[in-house]
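Asker: Structure incoming, see below.
The values are calculated or read from the model by the stated rules, or taken from the named source; none is laboratory data. Since this is a predicted model, take the numbers as computed values, not measurements. Note that we place each Cβ from the backbone using ideal geometry, even for glycine, and neighbour counts take in every protein chain shown. Heads up: the accessible areas ignore ligands, DNA and RNA and are worked out on the full protein's heavy atoms, side chains in. Shrake-Rupley method; radii C 1.70, N 1.55, O 1.52, S 1.80 Å.
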Amino acid sequence: MNRSRRLVRVLTVVFVAGLVTGCNVPTRARRPAQRTKFVQKEAGAGAADRKRLEDNCIFGGPKKDKDWDHGKTQTIYRDGYILEHSAVDKVPLWVCEHITREEVSGDVPRQNKFKPDPLLPKGERAELRDYRGFGVDRGHMAPAGNQTVDETLKLETFFLSNMAPQTAELNRNIWAALEGEVRSWAEDDGEVWTITGP
């Protein structure tokens, strides 16, 4: 498949309307330590996380619109996907994922082991009780069906940081069909990159 057609497919799967204004690569910022003039480097992403970002976000991580107050956010780096999580809304702002033919052609079964993300502090993350009694599904942003070879990668898709509330009608119909279409692109082309968000 030619590169321009692949790029069109990548861009077709961007669902973050009004949320991002471009892409960036995390850099280390410098800021003064409190009550001193001493300048200390902030932590930033380490080498392993930068590699995960390069593998999953073809254009770098999405940048937030500066005119939109997102509140506190945290970037989560995993081998199967990268996301930026909102502590206010307790959902991902965006999720980047690199999907390959090999990853979608395995037979690791789905276990539905939804759980809070251990990388996020309590009070800033979704809990299982947040989805009870509201009549909504826990809708994957990086689908479990994209990880069918490595059980750990599949289980990591069930962290609630990778979920957004969706009506059953949306999640089980058009969203599921879209996820299937993206997997078919990965099977046909060998690989695709997606940016998804609520």
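Asker: So which residues in the range 141-166 are open to solvent by 10 Å² or more (accessible area, probe 1.4 Å), within 15 Å of V182 (Cβ to Cβ) and not in a loop (DSSP other than H, G, I, E, B), if there are any at all?
Answerer: Within the range 141-166, just G145 meets the criteria.
Asker: Residue pairs, Cβ under 6 Å, 6 or more apart or interchain, first in the range 153-167 and within 18 Å of T194 (Cβ to Cβ), second part of a strand (DSSP E or B) and acidic (D, E). List them.
Answerer: Matching pairs, first to second residue: Q166/D137.
Asker: Give me the pairs, please: first residue somewhere in the range 168-197 and closer than 13 Å to I99 by Cβ and open to solvent by 30 Å² or more (accessible area, probe 1.4 Å), second residue anywhere and aliphatic (A, V, I, L, M) and in a helix (DSSP H, G or I), beta-carbon distance under 8 Å, and either six or more positions apart or on two chains.
Answerer: Cβ pairs passing all conditions: W193/V10.
Asker: Still on this structure, I have one more. Which of the residues belonging to the range 101-140 are among the acidic types (D, E) and either assigned to a loop (DSSP other than H, G, I, E, B) or open to solvent by 30 Å² or more (accessible area, probe 1.4 Å) (or both)?
Answerer: Hits for the range 101-140 are E102, E103, D107, D117, E124, E127, D130.
Asker: Continuing with this model, one more query. Restricting attention to the range 60-100, which residues are buried (at least 23 other Cβ atoms within 10 Å of the Cβ) and aromatic (F, W, Y)?
Answerer: Residues satisfying the conditions are Y81, W94.
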